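This report refers to the structure that appears directly beneath it.
The values are calculated or read from the model by the stated rules, or taken from the named source; none is laboratory data. Please read all numbers here as calculations on a predicted model, not as lab measurements. Please note: Cβ atoms are built from the backbone with ideal geometry, for glycine as well, and neighbour counts cover all protein chains shown. Only protein heavy atoms, including side chains, enter the accessible area calculation; ligands, DNA and RNA are left aside. Shrake-Rupley method; radii C 1.70, N 1.55, O 1.52, S 1.80 Å.
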Amino acid sequence: MKLIGRNGTGERPAASSTTDTDTGLRTADRSTTGTRAARPATAGGIDVTGYGPEALVHLTADRVAAAGRDLLETADDDEADDSFETALAAREQAALEARHRGSADAGDPAAASQLGALLLRRGDLADAEPYLRAAAAAGLRAAANNLGVLLHQQGLRTEAAQWWRQAAVAGSAPAAHALGLQLRDQGEEEAAEYWLHYAAEQGHPLGAYALGDLMEHRRDVRAERWFKAAADSGHREGAYRLARMREAAGDKETAETWYRTAAARSHARAALRLGVLLEARGDLDEAARWYRQSAQNGEARAACALGFLLRDAGDLAAAAEWWQEAAEAGDGTAANALGALHAGRGENTVAERWYRAALDAGDHNGAFNLGLLCAGAGRETQAEQWYRRAAYAGHREACNALAVMLLQRGDESGAEPWFSKAAEAGSVDGAFNLGVLHAGRGETRQAQEWYARAAAEGHGEAALQLAVVQEQRGNLNGALDRYRQSADGGSPEGAFRLASLLDRRGDADAEAEHWYAVAADAGHRRAQVRMGVRAAERGALEIAESWYRRAAEGGSRSAAFNLGLLLARQDSEAEAMLWYTRAADAGHGRAALRLALLALRRGEAVQAENWCRRAMEQGPAEVAERAGRLLGALNAELSA
């Protein structure tokens, strides 16, 4: 079992608040789970028609220079320039406010509306309210809308809705949007849809977005249209939500376009998803660039994903830095990755700290990895406790690991339910182990069912078990199919048996050679011997010697004997003796007989007798018979 350091792309919901710079509105960015955006609590619904920034007096660069020439000439750094600009802007703002106040106090409703908006933006609600009430009472829709904003901020939601309704009826799209949001929050979705639709039809991007949000919540296919309308107007969250819908529909090309649109406006989650799409198709450099942008905008999952890209590129130091940044921001996947990194270096204390951090972040992989860490250190009791904690939280591999631990302890009745839970949750190892459990009881049908489930998910050893049964039943075509499935699933034994069956059939020599090589490269000793034999048969003695050595050094007595034969033919009898001896000590009868003959040739009769006796014990039958005849001759000679 391997340490778990990553879960897919880390797509766990994580809402963050960003400012929609196109409107000045603070909105809560939605998480990927579709949680509703929080209703704006600032002056986001202000109708800017006829007042606001457009009405401010903006000085040109020449006028600023002329007005402050003396100061600019004596200034010697940027700080002085900034100070002057700030002072000039404040003076201009004060003058504008004074003009509006004078006109408003003289009974001008338009001036009262503009002054009220100015004070509202500044947060001076008490001073703004009388001016906005006066202007709203005079029928100015902008004032009515802004009075609704002010009252909403004061918690007077009912009265706020009344003024928003008045402004909306008069044609204010921002007021219709604000009223629609309030009605939605009160559960009056039909009325909310009416007013949000009114705002959206007038081209209000926030209204279009909120309408799309409402419709998506109700699984209304028209949601996509309104997200697009918002996105076309520059609403980055609308672009992101549209991209998510297109991706869910399988249209990754269009999704990518809208992710790019939102990401270009610094939408952190859009940059993350764009990175995921690019990584999936192999554009790793660009994926890393978007992950980095997303991470720099506060998206911990992007920092985690960037860490994995850097790790795969071989830059572990940089990967660890990004993982640490993500982990410290609460990303459990990154904490697990750091834990695995330190565990791989043998730094178990540090690894344990990060696994605990992952668990504290709500990632139960942390508990599973703590179990693996403790098991590796021989702390079985603690390992079982961590496995149980993860297993009870539904971690399927922890269920399997716990069951294996119980089974090794002899607690089969305790292990079976955990194997079942692991298998039902989708653990292929759990399904395979459950098959092994049933097979051990002689429950063949149940075992075959679980092997089949595991094999269907690519478990090579499960497919091997099914193939063996097919071969035993004489269904060679079925066995070949299962052996191929086993080999494709990474089973060296499956690859070897597939090659052996093809070899015996005699009509697929090239394919047999391929699978022998696959198994041999994976360390399968019998396959390595077979590769050596095939190489020797075609005269490639150096290749044969290489395969024999690999297998013999891995403990194969047949390989050691064959290597001895090969070396003897090459006049390397001293080394050949060493390999014969290793083979004979491992129980190889032919090697023992060969050593007996060599000893007899050297005149070492007693040594030859000893090797003959071992050859007779180790067999096979024909070898034992020859060794017996040789031993009889030796005894006759010695007695004579």
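Just order 585-594, 501-510 by mean Cβ neighbour count inside 10 Å, highest at the front, would you?
Values: 585-594: 21.8, 501-510: 12.8.
So the order, starting with the most tightly packed, is 585-594, 501-510.
Suppose each label sits 7 Å from its Cα in the direction of the beta carbon; what would the Gln162-Gln570 distance come out to in nanometres?
Result for the modelled spin labels: 10.3 nm.
Positive end of the dipole of the chain, charges at C-beta (+1 Lys, Arg; -1 Asp, Glu), about the Cα centre: which of Ala176, Gly148, His588 has its Cα farthest in that direction?
His588
From the residues Ala95, Gln293, Phe368, which one has its Cα farthest along the dipole of the chain in the positive direction, the dipole being from +1 and -1 charges on Cβ of Lys/Arg and Asp/Glu about the Cα centre?
Phe368
Between Glu412 and Glu449, what is the spin-label point distance in nm, taking each point 7 Å from the Cα along the Cα→C-beta axis?
About 1.8 nm separates the two model spin labels.
Hey, what angle do you get for helix 444-456 against the long axis of the chain, alpha-carbon based, 0 to 90 degrees rounded to 10?
Its long axis makes an angle of about 50 degrees.
Based on the alpha-carbon gyration tensor of the stretch 580-640 and its eigenvalue square roots a ≥ b ≥ c, which shape applies: rounded if a/c is under 1.5, prolate if not and a/b is larger than b/c, or oblate? Intermediate results must be reported in sequence, preceding the final value.
Values: a/c = 2.48, a/b = 1.42, b/c = 1.74.
Cα axes put the stretch 580-640 in the oblate bin.
Using each residue's phi in the stretch 287-295, evaluate 6.51 cos²θ - 1.76 cosθ + 1.60 at θ = phi - 60° and report the 3J(HN,Hα) Karplus result to the nearest Hz, with x for Gly and Pro.
Each residue of the stretch 287-295 in turn: 4, 4, 5, 6, 4, 5, 4, 4, 5 Hz.
Note down the magnitude of the dipole of the stretch 420-502 about its Cα centre, charges +1 on Lys and Arg C-beta and -1 on Asp and Glu C-beta and zero elsewhere, to the nearest 20 debye. Intermediate values should be presented prior to the final figure.
Details: 8 positive and 10 negative charges, 39 e Å.
In total the dipole reaches around 180 debye.
Could you state the angle between the C-alpha long axis of helix 109-122 and the longest principal axis of the C-alpha atoms of the chain, as a value from 0 to 90 degrees rounded to the nearest 10?
Result, in degrees: 40.
Short version: ³J(HN,Hα) in whole Hz for each residue of the stretch 348-357, in order, from phi by Karplus 6.51 cos²θ - 1.76 cosθ + 1.60 (θ = phi - 60°), x for Gly and Pro, what are they?
Here the 3J(HN,Hα) series is 5, 5, 5, 4, 4, 4, 6, 5, 5, 4 Hz.
With an 8 Å Cα cut-off and a minimum separation of 6 or more residues, compute the relative contact order for the stretch 275-319 in percent.
Working: 37 pairs, mean separation 11.3, N = 45.
RCO, the stretch 275-319: 25 percent.
What does the accessible area per residue of the chain come to in Å², with a 1.4 Å probe and no ligands, DNA or RNA counted? Please report the intermediate quantities before stating the final value.
Working: 30340 Å² over 640 residues.
It amounts to 47 Å² per residue over the chain.
Quick one: dipole size for the chain, taken about the Cα centre, charges +1 on Lys/Arg Cβ and -1 on Asp/Glu Cβ, in debye to the nearest 20. Intermediate values should be presented prior to the final figure.
Numbers: 74 positive and 91 negative charges, 511 e Å.
With only Lys, Arg, Asp and Glu charged at Cβ, the dipole is about 2460 debye.
For an R0 of 30 angstrom, estimate the FRET efficiency from the Cβ-Cβ distance between Ser103 and Ser83 and round to the nearest 0.05. Could the numbers behind the result be given before it?
Details: r = 31 Å, r/R0 = 1.04.
Result of the calculation: an efficiency of 0.45.
Asp585 to Arg345: FRET efficiency via 1/(1 + (r/R0)^6), r the Cβ-Cβ distance, R0 30 Å, to the nearest 0.05? If you can, show how the numbers build up before the last one.
Details: r = 38 Å, r/R0 = 1.28.
Calculated value: 0.20.
In whole percent, and with a 1.4 Å probe on the protein chains, what portion of the accessible area of the stretch 76-228 is carbon and sulfur? Could you put the intermediate results ahead of the total?
Details: 3580 of 7040 Å².
Accessible surface attributable to carbon and sulfur in the stretch 76-228 totals 51 percent.
Can you compute 3J(HN,Hα) from phi for each residue in the stretch 575-589, using the Karplus curve 6.51 cos²θ - 1.76 cosθ + 1.60 with θ = phi - 60°, rounded to whole Hz and x for Gly and Pro?
So the Karplus estimates, Gly and Pro as x, are 5, 4, 4, 4, 6, 4, 5, 4, 5, 5, 5, 8, x, 8, x Hz.
If I stretch the segment between Gln296 and Leu578 completely, what's the gain in nm (0.36 nm per residue apart, minus their alpha carbon distance), one decimal? Mind dumping the intermediate values first?
On the way: separation 282, 0.36 × 282 = 101.52 nm, distance 6.36 nm.
Difference between extended and current length: 95.2 nm.
State the extension gain, in nm to one decimal, for the chain segment bounded by Tyr194 and Arg602, taking 0.36 nm per residue of separation less the distance between their alpha-carbons. Intermediate results must be reported in sequence, preceding the final value.
On the way: separation 408, 0.36 × 408 = 146.88 nm, distance 10.75 nm.
The span from Tyr194 to Arg602 would gain 136.1 nm if fully extended.
Using helices alone, I'd like the mean residue ellipticity at 222 nm for the chain: each DSSP H run of four-plus residues gives -39500 (n - 2.57), total over residue count, nearest 500. Let's see the in-between values first.
On the way: 36 runs with 475 residues, N = 640.
Estimated from H runs of four or more residues: -23500 deg cm²/dmol.
Going toward the positive end of the dipole of the chain, with +1 on Lys and Arg Cβ and -1 on Asp and Glu Cβ, which of Val221, Val468, Pro417 do you reach last?
It is Val468.
For Glu286 paired with Glu617, estimate the spin-label separation in nm (one decimal), with each label point 7 Å from Cα along the Cα-to-Cβ line.
My value for the distance between the label points is 7.1 nm.
Helix 525-537 sits at what angle to the longest principal axis of the chain, using alpha carbons and giving 0 to 90 degrees rounded to 10?
The angle comes out near 60 degrees.
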